[in-house]
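S.K.: Below you will find the structure I want to go over with you.
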Ligand SMILES: Cc1ncc(COP(=O)(O)O)c(C=O)c1O
């Protein structure tokens, strides 16, 4: 079928994530992938600058995963893992994760994706405090610019207001504190570092709300969809201190940062901090099949296992512990280990960041940041004031298009070009990716400046 015909049928029958028909004009039909490259139905190749949606860690076209799925589906594609039933792939995967994740986290529940994992974390935090006789500890604190998914409670924890208005009211009991953004956080306390000052915002919020009402604080080790915000090194140690002091569970949202993306298996490994709950999705199967989940610390596991049967952890999904998905995850982890892709993400990430820093000399590049193969370039109208271009200039959309035109597919969030290619991306592909980002920014910014000058002349 031609692209036009495909798109007409798409328009007639499909609603997309973040749906609006205006996107059709620039929609591509993706048909295949190999390594870090993806191909559309005209045969044009692009560097996959965001590894699908931050998830295709082992790269495209790995038939080992298809073979693993085929074998498991031919044996037992699915049966329920509700209490009273189990299956070998789920058992093996949980055991394997206990060896890879934070030391005190050894017990896992599986979901089908990130938002279900957020819901599970929030409910588990509330369950824990109720089981300990503290039923008023129900609130969840997250950060501005956080992304935790878009089911109703997850959307309420997500700190990007663009996702809220058409679906409000949000779930009560969710509130946000400032993100530890080294570029934009204003540190009003001269006595402490930016990282500690940003973490202290959590303490202020807990005290304002009353510690007896707060169940948990959820944070991505590196904020992804909010523009790749890498916290200062002293942020999470102080967060851990605050959570422990006020009996607030720390939930690490490792949905993007898990499975090697940042050069470590899980994001908080960089900071020597252990969460009480960790959640994952995306990279656990490199996106080849949907799977997510949470891990709970031994302390939480003992409480979950210790309640009477009538007060059980009454939480479930049909596809929890799905044997085929767990088999694919095991095959994916085999590849991550065998090809040392976690270490490679650290090395390639260092190269990526060093090359991207070369763009900081451009007038319109305000900030470059990254950790492992997760980076962003923030485009601004004015470097001194850090002012963004006005929304009417449409910089994000134009940048996305300009990069596609040059052979790079990625997303732009709040004028931050987000970069998170597969962990198998070669040095040559990384260099090419950076060239395209610089070139696209140069072209789009000239247009945006002209737009601003015309708008100023008119007013
Ligand atoms: C950190 C984080 N948490 C949760 C989610 C939600 O995952 P899903 O889209 O699978 O529901 C995402 C998705 O991008 C994410 O980046």
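S.K.: Those residues that are in contact with a helix residue (DSSP H, G or I) (Cβ under 7 Å, 6 or more places away or on another chain) and buried (at least 20 other Cβ atoms within 10 Å of the Cβ), I need them from region 88-101; list them, please.
M.R.: Listed by number, the residues that qualify are 89, 90, 93.
S.K.: Here is a further query. In the set 185, 174, which member is within 16 Å of the ligand (Cβ to nearest atom) and either touching a residue at least 40 places away in the same chain (Cβ under 8 Å) or closer than 26 Å to residue 238 by Cα (or both)?
M.R.: Criteria check complete, one pass: 174.
Rundown of residues vs (1) touching a residue at least 40 places away in the same chain (Cβ under 8 Å); (2) closer than 23 Å to residue 283 by Cβ, yes/no style:
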position: 327; (1), (2): yes, yes
position: 339; (1), (2): yes, yes
position: 345; (1), (2): yes, yes
position: 360; (1), (2): no, no
position: 367; (1), (2): yes, no
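S.K.: Now for a different question. Looking at the structure I just gave you, is residue 378 assigned to a helix (DSSP H, G or I), under 28 Å from residue 185 (Cβ atoms), away from the ligand (no atom under 16 Å from the Cβ) and out of contact with any helix residue (DSSP H, G or I) (no Cβ under 9 Å at 6 or more places or on another chain)?
M.R.: no
S.K.: Can you tell me which residues in region 392-411 are part of a helix (DSSP H, G or I) and under 18 Å from residue 225 (Cβ atoms)?
M.R.: Result: 395, 396, 397, 399, 400, 403.
S.K.: Also, quick follow-up: From the set of residues in region 32-58 that are surrounded by fewer than 12 Cβ atoms within 10 Å (Cβ to Cβ) and out of contact with any helix residue (DSSP H, G or I) (no Cβ under 9 Å at 6 or more places or on another chain), which is farthest from residue 256 (Cα to Cα)?
M.R.: It comes out as 43.
S.K.: Let me ask another. If you take just the strands (runs of 3 or more DSSP E) that sit entirely in region 41-157, which of them hold at least 1 residues that are away from the ligand (no atom under 16 Å from the Cβ) and closer than 19 Å to residue 217 by Cβ?
M.R.: Qualifying strands (runs of 3 or more DSSP E): 105-111, 139-143.
S.K.: Name every residue in region 110-126 that is under 17 Å from residue 312 (Cα atoms), surrounded by fewer than 24 Cβ atoms within 10 Å (Cβ to Cβ) and in contact with a strand residue (DSSP E or B) (Cβ under 6 Å, 6 or more places away or on another chain), in order of residue number.
M.R.: 126
S.K.: Here is a follow-up. Here are some residues: 327, 318. Which one is farther than 24 Å from residue 220 by Cα and in contact with a helix residue (DSSP H, G or I) (Cβ under 7 Å, 6 or more places away or on another chain)?
M.R.: Sole residue among the options that is farther than 24 Å from residue 220 by Cα and in contact with a helix residue (DSSP H, G or I) (Cβ under 7 Å, 6 or more places away or on another chain): 327.
Throughout, read-outs are computed from the coordinates displayed, never taken from laboratory work. Computed from a predicted structure; not experimentally measured. Cβ atoms come from the backbone with ideal geometry, glycine included; neighbour counts cover every protein chain shown.
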